[in-house]
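To start, the structure under review is shown below, and the notes come after it.
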Amino acid sequence: MLPEKPELTQADFDFVRSLVKQHSSISLDDTKGYLVSSRLLPLARSGGFESVAKLITRLRSRPHGTIHALVLEAVATTETSFFRDFHPYEILRDQVLPDLIRQRRKTTRMLNIWCGACSSGQEPYSVAMVLRQVIPDIDTWTIQLLASDFSGAMVERARKGVFKQLEVNRGLPAHLLVRYFEQHGASWWVKDEVKRMVTFFQQNLDREWTSVPQVDLLFLRNVLIYFDVETRRRILRKVRRHLRPDGFLIMGAAETTLSLDDSFKRVQFGRAAFYQPGEGSGP
Ligand SMILES: C[S@@+](CC[C@H](N)C(=O)[O-])C[C@H]1O[C@@H](n2cnc3c(N)ncnc32)[C@H](O)[C@@H]1O
């Protein structure tokens, strides 16, 4: 039996830290040793390793492969929920989408939306449900709703669209649960009309964005906080190139572009703020 609180040596922690920085761009400061060891413990157990240290020894001795990918996924924080923080979705439903739809209805009848760190899928499915609510003739529109994450395991989970009771209890209004999900035993399956709206793919935000078109809405929520300042700036520069002039960047409640990239304009909507490409020069 492995100890409940495995200690990591500084050398092992540094090894994992540099692996994580190199492959997922997540920055782990010196206080994260315990977090890393506790997240690697289940992986060490299920892989039959005697200890987390032995798992790390294996990582060191092999070229980058499956076990490394599992470690990267285990270390990342994937916390999420349907309609997380509620207000951004309210703004989306009542202000931003109705405006965008009015504009686009006169022209292309197209919308491109991307959730760039979608975790297990609650975020893009929340967006899909809002779209169905606010666009009654949605089937006559061309809507590209993209969702990606660096973690292959998360993308696979999200694509399945299967959620536990505990997950649908967090943030999902009862009328939307009844309308857009089917219960199968202890789990809830996203109905096809919502599921088929989302295209999932694996994408590290800090690599080239090859499959991403210009978008009207870009959700980068609760992800930049895990990166260092240089990485955040690099990613925001790419956001500028991929966001339409009247598009919006939607970040997490504790996140902002301020002091990172002054070319974004903060647009306050009641209790939440979205960001638009503005006049500033950026870093
Ligand atoms: C805390 S979750 C946020 C999920 C969702 N956006 C939300 O706000 O509820 C952060 C997600 O970012 C993903 N992530 C971490 N580093 C990434 C990177 N370099 N590129 C893409 N996704 C990354 C993680 O796998 C995780 O699913």
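Can you flag which of 160/238; 106/191; 164/191; 32/160; 54/164 are past 23 Å Cα-Cα?
Those over the limit are 160/238; 106/191; 32/160; 54/164.
Accessible area per residue for the chain in Å², computed with a 1.4 Å probe and the full protein assembly in place, what is it?
48
When the Karplus curve 6.51 cos²θ - 1.76 cosθ + 1.60 is applied with θ = phi - 60°, which whole-Hz ³J(HN,Hα) does each residue of region 185-200 get, with x for Gly and Pro?
In residue order, the calculated couplings are x, 8, 10, 10, 9, 5, 5, 4, 4, 8, 4, 6, 6, 9, 9, 9 Hz.
Taking loop as defined by DSSP and a crowding limit of 11 other beta carbons within 10 Å, which chymotrypsin sites (Phe, Trp or Tyr not before Pro) in region 148-235 fit?
Sparse-neighbourhood loop chymotrypsin sites (Phe, Trp or Tyr not before Pro): none present.
For the chain, which whole-number percentage of the solvent-accessible area (1.4 Å probe, protein heavy atoms only) is attributable to carbon and sulfur atoms?
52
Regarding region 87-277, what's the average projected area of the Cα-atom convex hull, expressed in nm²?
Averaged projected area of region 87-277's Cα convex hull equals 10.7 nm².
Can you give the FRET efficiency to the nearest 0.05 for residue 230 and residue 60, using r as the Cβ-Cβ distance and R₀ = 30 Å? Don't jump to the answer; show the numbers that get you there.
On the way: r = 27 Å, r/R0 = 0.89.
Approximately 0.65, to the nearest 0.05.
Across region 10-75, what fraction of all alpha-carbon pairs, as a whole percent, falls in each successive 5 Å bin from zero upward?
Distribution as computed: 3, 19, 34, 29, 13, 2 percent.
With the crude spin-label approximation of a point 7 Å out along Cα→Cβ, what separation in nm comes out for residue 31 versus residue 266?
Modelled inter-label distance: 2.3 nm.
Label-point separation (nm) for residue 254 and residue 191, each offset 7 Å from Cα along Cα-to-Cβ?
Placing both labels 7 Å along Cα→Cβ, they lie 3.6 nm apart.
Give me the distance in nm between label points sitting 7 Å out from Cα along the Cα-to-Cβ direction at residue 160 and residue 102, one decimal.
4.3
Given region 131-281, what percent of its DSSP beta bridges are antiparallel, to the nearest 5?
Antiparallel: roughly 60 percent of the beta bridges in region 131-281.
Round to the nearest 0.05 the FRET efficiency obtained for residue 170 and residue 246 when R0 = 45 Å and r is the Cβ-Cβ distance.
E between residue 170 and residue 246, to the nearest 0.05, is 0.90.
Do any GluC sites (Glu not before Pro) in region 5-84 lie in a DSSP loop with no more than 16 other beta carbon atoms within 10 Å, and if so, which?
Here the GluC sites (Glu not before Pro) that fit, given the DSSP loop and packing criteria, are 7, 50, 79.
Taking the Cα centre of each part, how many Å lie between region 22-67 and region 227-257?
29
The values are calculated or read from the model by the stated rules, or taken from the named source; none is laboratory data. Because the structure is a prediction, the values reported are computed rather than measured. Neighbour counts are summed over all protein chains in view; Cβ atoms, including those assigned to glycine, are modelled from backbone coordinates with ideal geometry. Only protein heavy atoms, including side chains, enter the accessible area calculation; ligands, DNA and RNA are left aside. Shrake-Rupley method; radii C 1.70, N 1.55, O 1.52, S 1.80 Å.
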